[in-house]
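This structure is in structure tokens; I'll ask about it shortly.
Nothing in this text is a laboratory measurement; each read-out follows from the coordinates by a stated rule. Just so we're clear, the structure is a prediction, and the values are computed from it rather than from any experiment. Backbone-built Cβ (ideal geometry, glycine too); neighbour counts: all protein chains shown.
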């Protein structure tokens, strides 16, 4: 389940062609000729593969140590709490400094943390209190990375290239979701078999998980190197100097008011928050439990389902790049209808007993998610002035992940009561919420009235 030269750093939105107007589409080759974007893509592509090892290894490690879904939910919640609390601060710092420097610092710190965890696991000294502490610190550092990651792409390409650049970055993310979980799940499964045959006594599966974290640490290093090589630096103008002296709380309040005063943004951001609360818990907590209790393939099944989701997301991203972009007057309707597929998919996952069929469902869910992500993020980036991009992206990330800790805790607690009921109720509520949203004609339209660079976003029918 992201997004050359200094003369395109500051958008002249009045002189650029409106993104809804027909224009010659840039090619991927032309974007990759730009050195800074190519470096960003290489580093993030490598790092994203490592992230998928992390996403498989962490919940599987907790399950192997405790066998308790609530413990797994607690660890993920502890990572999510500081991530949510400091996400807006990360966006404000991104606008104050540069996305490149924030990403670089975050990657180096995360590399150190994951390396320490890998060593502790491999030597067999890992304890649950260590995982709780790791989750808290890692989540805090994470909070500063994601707003910068989504704010850096518009600074490295011009407006006409932005939809394709977002497609490339998000496509790379989903490709990593497709390949990474299978590799990690296979690695852990192979070492599980080594334990069963006596080739490794006692902790082979734990060592396999430690190796997965070690791979993740190396990918953070690779990403930090490519970020260091990026030569582009945002120019400092008078407005930026004023922002640097502005109080962080005031700068965060500014973007909150922009979103709250726009009916469409307010509705979509609330929907993103609630839907992620209803969907992410069952996916992040529920799917590993299903793999461990329902599907005979175990960790391999977990990897296959997550890879299918990533492959579907890649398909959805490709569809967003190939298919005609929905007209602004119907864009909200299209996004809502596609979005509802996620809720229906969660319902189906709660009922399906076979891994191949469950993988098909997660593939369809991924396709819906990938399509929505590209269309919405590109619209939001294009409609936001550059000076507010970091904060707007941080608010989007906050809406996406802010309720994740609570979702993880509740899912971990309730999944032991009734697994099927949890999936069916969560998915049904998600679908109903989207359909209710579409009753408002203002939400069905995402037209932008003005491209005045001094106005971040304007309400339009």
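Enumerate the whole-percent occupancy of each 20 Å bin, from 0 to the last occupied one, for all C-alpha pair distances of region 33-437.
Bins of 20 Å from zero give 27, 61, 12, 0 percent of pairs.
Which value in Å does the Kirkwood hydrodynamic radius of region 358-430 take, with 1/r averaged over all unlike C-alpha pairs and then inverted?
That comes to 14.9 Å for region 358-430.
From the square roots a ≥ b ≥ c of the eigenvalues of the alpha-carbon gyration tensor of region 269-394, which class results: rounded (a/c under 1.5), prolate (a/b over b/c), or oblate?
Working: a/c = 2.32, a/b = 1.94, b/c = 1.20.
Here region 269-394 falls in the prolate category.
Which value in nm describes the separation of the simple spin-label points at residue 256 and residue 417, placed 7 Å from the Cα toward the beta carbon?
3.2
Between region 299-357 and region 374-388, what's the alpha-carbon centroid distance in Å?
Going from one Cα centre to the other spans 22 Å.
Also, I was wondering about something else. May I ask you to sort 228, 339 by Cβ crowding, counting other Cβ atoms within 10 Å and putting the fewest first? Don't skip to the end; give the middle numbers.
Values: 228 14, 339 26.
The order, fewest Cβ neighbours first, is 228, 339.
May I ask you to sort 127, 44, 254 by Cβ crowding, counting other Cβ atoms within 10 Å and putting the fewest first? Don't skip to the answer; put the middle values down first.
Working: 127 10, 44 27, 254 17.
So the ranking, lowest neighbour count to highest, is 127, 254, 44.
Within region 62-76, name every residue whose backbone N is under 20 Å away from a label modeled 7 Å from Cα of residue 130 along the Cβ vector.
It comes to 62-68, 71-76, nothing else.
Determine the gain in length on full extension of the stretch residue 33-residue 218; use 0.36 nm per residue of separation and subtract their C-alpha separation, reporting nm with one decimal.
Fully extending the segment from residue 33 to residue 218 adds 63.9 nm.
Give the residues of region 252-288 whose amide nitrogen is closer than 19 Å to a point set 7 Å from the Cα of residue 85 in the direction of its Cβ.
Residues 252-253 fall inside that zone.
Any idea how far the Cα center of region 71-92 sits from the one of region 103-168, in Å?
Going from one Cα centre to the other spans 12 Å.
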